[in-house]
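The values are calculated or read from the model by the stated rules, or taken from the named source; none is laboratory data. Because the structure is predicted, anything quoted here is derived from the model rather than measured. For neighbour counting, all protein chains shown are included, and Cβ atoms are generated from backbone atoms with ideal geometry for every residue, glycine included. The area values use the complete protein model at the heavy-atom level, side chains included, leaving out ligands, DNA and RNA. Shrake-Rupley method; radii C 1.70, N 1.55, O 1.52, S 1.80 Å.
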Amino acid sequence: METPVFEDLDPASDCDCPGCVHWRRVLPPGSRTVAPVGHPAALSHLLGLARAGRTPMALALAATAGAVLAAGQAVPAVAAAHGPALPGVPAGDEPDTPQGGKAPLHGPAGKPAAAAKPGQAATAPATTRAEIINRAKTWIDAGVPYSMSAYWKDGYRQDCSGFVSMAWGLPDNEWTGSLDTFGVRITRDQLQPGDMLLFHNPDNPEKGSHVVIFGGWTDYTHTYYVAYEQTPPHARKQSTPYAYWSNSDHYVPYRYKGLAAGASGAEPSRPTVPGTATRFPGAAYFGTGANNAYVTQLGKLLVQRGGARFYTTGPGPRWTSADQRATQAFQKAQGWTGADADGRPGPTTWAYLTGKKGKDIPALAGSPGAPGTGTSHPVPAYPGRAMLRPGANNTYVTQLGKQLVKKGFGTHYTTGPGSRWGEADRRNVEAFQRAQGWRGGAANGYPGPETWRRLFS
């Protein structure tokens, strides 16, 4: 079975401020929000106001919050201000995943199936990438609940490290401090389905330590990937920003040592395509149901020749109507008609694309660079995410706002647009992103490189 390489999933969003992180850790599982304060991180601020006698409302809210906490457990005050919520962080994705230590597999009765063997050299049983992904899917399909003390019927502990131990088929339940001994460190560019992304915090293993199985990039930009992981409340699979929602700089990619030679399950039926194949692979590799690297290469070549507007995501390895429409537009640009412009690449179309021959796909009428407009303006360089966030005040915000108005997405402006980022900017960007067919974290109102490119192209 061929392992998935690209998948489309939508992340949700939640707050990642220091205060929220603290309260999620210290409050009981059923008290993750403190009513009626609304935001757990605001509690410390209200208590401070109450002590200072600043406002009657603060006194009332602090008293109510205190009553709620009294019903649960006492918690210390937090001296961390609530910062702006980070866009695109889904609910619960700041991992609160304490884990058990290294332990043997457990039998059906929840008892060790065999005594652990301390000091024994780490062994890596042979497996394939397809087997790793398929094992990971079994827990996700079963909705295995998260626990650092319970063991699933296959003998593996139901926490993040137990999940990866299961997916890799290891003989024991490992933890984040030992999983690296079963892998070989690799680079981001070398990641393939079945590899793992590991963060082990040696100073406090239960604070942030986490590990996930890499399931493949979601598209050719390699900014999001499919993560298979065990995290509260249960095992899941979802689109995740590289390397993770939090502590991203601390995650390290590893490849399992025991991958069977020549049987990784990740290879296509033909030799791996480096992305520069000039020989036409055959019509069978394109069209409905096709899913291979040649489709990705075709899409990238079409984007280079003016076909970017046909793609809302990708290009990717799965053939879609976007590939067919972009191919047909390129064929028609060469003056071809009938069967020669059916949207399916043949040897001539492939030769023109790989050999950079013929004419590019013309721009839409009225857009920069279109025939008759007398203009040919390249897309301005993306300034970076920090320039287009709450608190930003710069010329890029003005440039963004003016382009949104020009594109017909300025309805939320009552004045301006101006240089100071505001909620009107975010709502207009969100409207533009949704018009591209994006949802979830991909339509959070904060422009990334792809939003910027489409807006100015």
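Tabulated results
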| quantity | calculated |
| --- | --- |
| In region 332-386, residue farthest from A284 (Cα to Cα) [restricted to those that are exposed (fewer than 11 other Cβ atoms within 10 Å of the Cβ), at pLDDT below 85 and among the polar types (S, T, N, Q)] | T375 |
| Candidate set: region 425-442, residues that are under 20 Å from T395 (Cβ atoms) and not aromatic (F, W, Y); chosen: the one surrounded by the most Cβ atoms within 10 Å (Cβ to Cβ) | D425 |
| Yes/no for A167 being small (G, A, S) and modelled with pLDDT of 95 or more | yes |
| Which listed residue is open to solvent by less than 40 Å² (accessible area, probe 1.4 Å) and touching a residue at least 60 places away in the same chain (Cβ under 8 Å), from G422, G410, G445 | G445 |
| Test: G408 is assigned to a loop (DSSP other than H, G, I, E, B) and touching a Ser or Thr at 6+ places or on another chain (Cβ under 8 Å) | no |
| Top-ranked residue of region 147-181 - restricted to ones that are in contact with a Ser or Thr (Cβ under 9 Å, 6 or more places away or on another chain) and open to solvent by 40 Å² or more (accessible area, probe 1.4 Å), ranked as nearest to A260 (Cα to Cα) | P171 |
